[in-house]
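Working notes for the structure below.
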Amino acid sequence: MNVASILKVKGKSVATARSDDTVQDVAQKLASRKIGAIVIVGDGGHVVGIISERDIIRVIAEQGAGGLGKLVGDVMTKNVMTCSQASTLDQMMSVMTQGRFRHVPVIEDGALVGIISIGDVVKHHIAEVEMEVTAMRDYLATG
Ligand code: AMP
């Protein structure tokens, strides 16, 4: 199983914002779309950062409600770990576990073509394990 097959099921739409949006703008987008992270894009749509609910909690913990007025560019993570559509489920699990984050933007030929969350990874991993168990049971039953 790879990222391309996950995107085939979930679609390629990605929520994005810009560095000069406020944290409040992004918090509203996260809440209305019921998602945990937003990719920050620059001119030409290339990825310049990512901001997740954790970054927003951190800025509020440090600065109180005033943190909501800060610019996304000052709060986001700039060194974004990305993957390609050829990346495997195992690679995604390892990248997310080692990096301790739950979202990975998918880049193809320099363009943002999707995002994979830990929820997508877990869902497809369970489906894969269930298929293996079914195949093993069939083999034992007929063998
Ligand atoms: P998350 O688990 O996705 O809520 O993110 C936890 C922390 O990791 C936050 O500070 C995010 O900005 C950061 N983060 C999320 N995704 C990535 C990524 N793909 N590459 C680098 N940092 C990330």
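Structure notes:
- Listed residues D74, D109, D20, most fluctuating in the chain (Gaussian network, C-alpha, under 10 Å): D109
- Partners of K123 within straight-line reach, counting lysines whose Cα lies under 23 Å from its Cα and excluding those fewer than 8 residues away in the same chain: K8, K10, K12, K34.
- Expressed as a whole percent, the accessible surface of the range 21-134 that belongs to carbon and sulfur atoms is 55, based on a 1.4 Å probe.
- Accessible area, probe 1.4 Å, largest first, for residues I57, I126: I57, I126
- For E108, distant residues with modelled amide H under 5 Å away: V113
- Taking the C-alpha atoms only, the angle from helix 89-99 to the longest principal axis of the chain is near 40 degrees.
- Helical runs assigned H by DSSP (4 residues or longer) give the chain a calculated mean residue ellipticity at 222 nm of -15000 deg cm²/dmol, each run adding -39500 (n - 2.57) before division by the residue total.
- Given charges at beta-carbon only (K, R positive; D, E negative), |dipole| of the range 3-142 in Debye: 280 debye
- Rounded to the nearest 10 Å², the accessible area of V80 at probe 1.4 Å: 30 Å²
- In Hz, Karplus ³J(HN,Hα) per residue of the range 56-71 (6.51, -1.76, 1.60; θ = phi - 60°; x = Gly, Pro): 6, 4, 4, 5, 6, 4, 7, 10, x, 4, x, x, 5, x, 5, 7
- Here the Karplus curve 6.51 cos²θ - 1.76 cosθ + 1.60, taken at θ = phi - 60°, turns the phi angles of the range 109-124 into couplings of 6, x, 9, 6, 10, x, 9, 10, 9, 5, x, 4, 5, 5, 4, 6 Hz, with x standing for Gly and Pro.
- Normalised by the number of residues in the chain, the mean separation of alpha-carbon contacts (under 8 Å, six or more apart) gives a relative contact order of 26 percent.
- The range 1-79: trypsin sites (Lys or Arg not before Pro) falling in loop per DSSP and having at most 13 other Cβ within 10 Å: K12, K34, K78
- L68 sits with roughly 40 Å² accessible to a 1.4 Å probe, with DNA, RNA and ligands left out of the calculation.
- Just checking the listed ones, I51, I118, I60: in the Gaussian network model of the chain with Cα springs under 10 Å, the one fluctuating most is I60.
- Reachable lysines from K78, criterion Cα separation under 18 angstrom, eight or more residues apart if same chain: K70
- Hull-based mean projected area of the chain, where the convex hull spans the alpha carbons, in square nanometres: 10.1 nm²
The values are calculated or read from the model by the stated rules, or taken from the named source; none is laboratory data. Keep in mind it's a predicted model, so treat the numbers as computed, not measured. Neighbour counts run over all protein chains shown; Cβ positions are idealised from the backbone, glycine included. Accessible surface areas use protein heavy atoms only, side chains included; no ligands, DNA or RNA. Shrake-Rupley method; radii C 1.70, N 1.55, O 1.52, S 1.80 Å.
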